[in-house]
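The values are calculated or read from the model by the stated rules, or taken from the named source; none is laboratory data. Nothing here was measured: the structure is a model prediction, and the numbers come from that model. Positions of Cβ are generated from backbone atoms using ideal geometry, with glycine treated the same way; all protein chains shown enter the neighbour counts. To get the accessible areas, we keep the full protein, side chains included, count just its heavy atoms, and leave off ligands, DNA and RNA. Shrake-Rupley method; radii C 1.70, N 1.55, O 1.52, S 1.80 Å.
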Amino acid sequence: MSAMARVLYRDAALADGTGPQLRVGVSLLVDDHRIEWIRPADDEPDPGPDVEVIDASGATIVPGLVDSHSHLTLPGGAHWIDRGFDPTDRLLRVAEDNARLQRAAGVRWARDVGAPTRTDPSDGRTRALTLGLRDRWAGHREYPYVRAAGSWVTRVGSLPHGLGVEVADGDGLVAAVTRQLDDGADFVKLYLDGPDRDTAPFTVDEVRAAVDAAHRRGARVTAHSGQLAGARNGVRAGVDCLEHGFQLDAEVVREMAEGGVAMVSTLAVLESWRSFGQTTTLPRFAEPSGRAALAARREWAHESVRLAARAGVLIAAGTDFGGGSLRANQLAWEIECLVTAGLQPWQALAAATRNGGTLLGEPEAGVIREGGPADFVLVHGDPLSDPAAMWRVWLVS
Ligand SMILES: [Zn+2]
């Protein structure tokens with residue numbers, strides 16, 4: 001297919017995440033990778049000459065997906081943290097594989113929320129490894145669009161030494177945030193779980209100084225948040241988003257809604273951990289105490305999603321592939337989990353598409369409209385009544 005190809009997708013259904021109604025009998029014309037028009041199939045304008053017609057009957061068109069919690073350079077699996085220490089050339093190969101997996105699964109946008117700091121053999125720069133990939137992949141349609149946070153900014157002792165950027169205090173935090181932006185990060189990722197689970201690793205004032213420093217540069221700040229204490233401090237300090245949000249309460253979600261703080265759900269990680277109880281002998285997954293702790297964690301995480309949704313918090317969906325145990329082609333799993341947690345299927349689809357675009361500040365991400373990019377996916381079935389349809393990718397445009 002040439003770059004200028006005109007393609008008519010004829011007589012599909014359409015689900016764009018704006019509401020619960022499936023539109024049927026829809027035709028859509030693509031010209032040079034833009035959507036020229038979307039019309040009823042029984043009232044198609046003349047598509048003109050030299051058009052390739054695709055019989056899309058039986059399929060549903062959904063927007064290109066936005067994985068709001070990606071780690072392109074990391075392989076995932078039950079030892080996902082250890083894999084972050086793999087050699088640089090291996091991590092770069094993994095990223096190529098992950099990009100392919102994402103595209104084949106219909107994921108068009110990758111919001112990368114953390115990569116190891118390494119020297120990139122292509123440009124010789126020592127910085128978060130995703131940043132060079134983002135630059136080299138830009139403009140190539142076979143790759144996802146990437147927006148990257150650089151490396152994790154953590155308090156010493158929160159992550160294994162050498163994985164993220166470690167700081168000792170609030171001054172270190174501001175300096176590290178500034179350094180990430182100097183390196184070319186699109187936004188900043190703080191790590192707000194501390195070495196002690198019940199204590200936030202930074203005070204509200206310390207986080208606020210870092211957030212202000214990023215905002216002055218026009219960059220957003222997101223925060224890893226697995227524990228309530230860090231969530232509370234992050235939200236009060238004005239972060240733009242919480243990742244995971246596994247432990248939220250009514251007060252925190254109210255403050256999130258008031259402050260316009262978004263949430264990226266990663267519930268499928270907990271499902272994968274549950275499965276590791278059968279497929280590994282790792283005590284944290286397989287032993288009774290590990291299973292019980294995981295069950296409690298899963299219950300609170302689902303409740304957190306419900307609380308956030310009820311409060312009106314913007315929820316975007318992420319796999320946490322690589323930085324957690326999932327793989328890069330499993331965003332459908334998160335959509336299913338959001339429905340299990342209590343969202344309507346159309347809301348879960350919105351979380352994996354347009355809400356991710358809102359979170360990125362990218363108006364074309366996760367949206368289908370005339371004049372917009374032809375970044376969409378055809379799936380087999382109706383994702384508005386059966387979220388598992390999102391696994392059944394028919395075709396990726
Ligand atoms: Zn992550």
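Structure above, values below:
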item: Candidate set: segment 21-50, residues that are free of Cβ contacts under 8 Å to residues at least 24 places away in the same chain and more than 16 Å from Leu378 (Cα to Cα); chosen: the one least open to solvent (accessible area, probe 1.4 Å); result: Pro45
item: Exclusive hit being modelled with pLDDT of 95 or more, under 22 Å from Cys241 (Cβ atoms) and open to solvent by less than 70 Å² (accessible area, probe 1.4 Å), set Thr130, Thr88; result: Thr130
item: Boolean, Val53 is more than 15 Å from the ligand (Cβ to nearest atom), surrounded by fewer than 23 Cβ atoms within 10 Å (Cβ to Cβ) and not basic (Lys, Arg); result: yes
item: Cβ pairs under 9 Å, 6+ apart, first in segment 122-136 and among the acidic types (Asp, Glu), second assigned to a helix (DSSP H, G or I); result: Asp123/Gly132; Asp123/Asp135; Asp123/Arg136
item: Any chance Leu159 is in contact with a strand residue (DSSP E or B) (Cβ under 8 Å, 6 or more places away or on another chain), open to solvent by less than 40 Å² (accessible area, probe 1.4 Å), within 16 Å of the ligand (Cβ to nearest atom) and of a type in the set (A, V, I, L, M, F, W, C); result: yes
item: Close pairs (9 angstrom Cβ cut-off, 6 or more residues apart or separate chains): more than 28 Å from Trp346 (Cα to Cα) and away from the ligand (no atom under 13 Å from the Cβ) in segment 60-83, in a strand (DSSP E or B) and acidic (Asp, Glu) anywhere; result: none
item: Out of Trp346, Trp391, sole residue that is at pLDDT 95 or above, of a type in the set (Phe, Trp, Tyr) and touching a Pro at 6+ places or on another chain (Cβ under 6 Å); result: Trp346
item: So Leu326, is it within 16 Å of the ligand (Cβ to nearest atom), of a type in the set (A, V, I, L, M, F, W, C) and more than 20 Å from Val253 (Cα to Cα); result: yes
item: Any chance Arg111 is closer than 25 Å to Ala352 by Cβ and open to solvent by 30 Å² or more (accessible area, probe 1.4 Å); result: no
item: Residue count, segment 266-287 (criterion: among the acidic types (Asp, Glu) and more than 16 Å from the ligand (Cβ to nearest atom)); result: 1
item: Selected residue (only one of Thr60, Thr18 is closer than 18 Å to Val377 by Cα and open to solvent by 60 Å² or more (accessible area, probe 1.4 Å)); result: Thr18
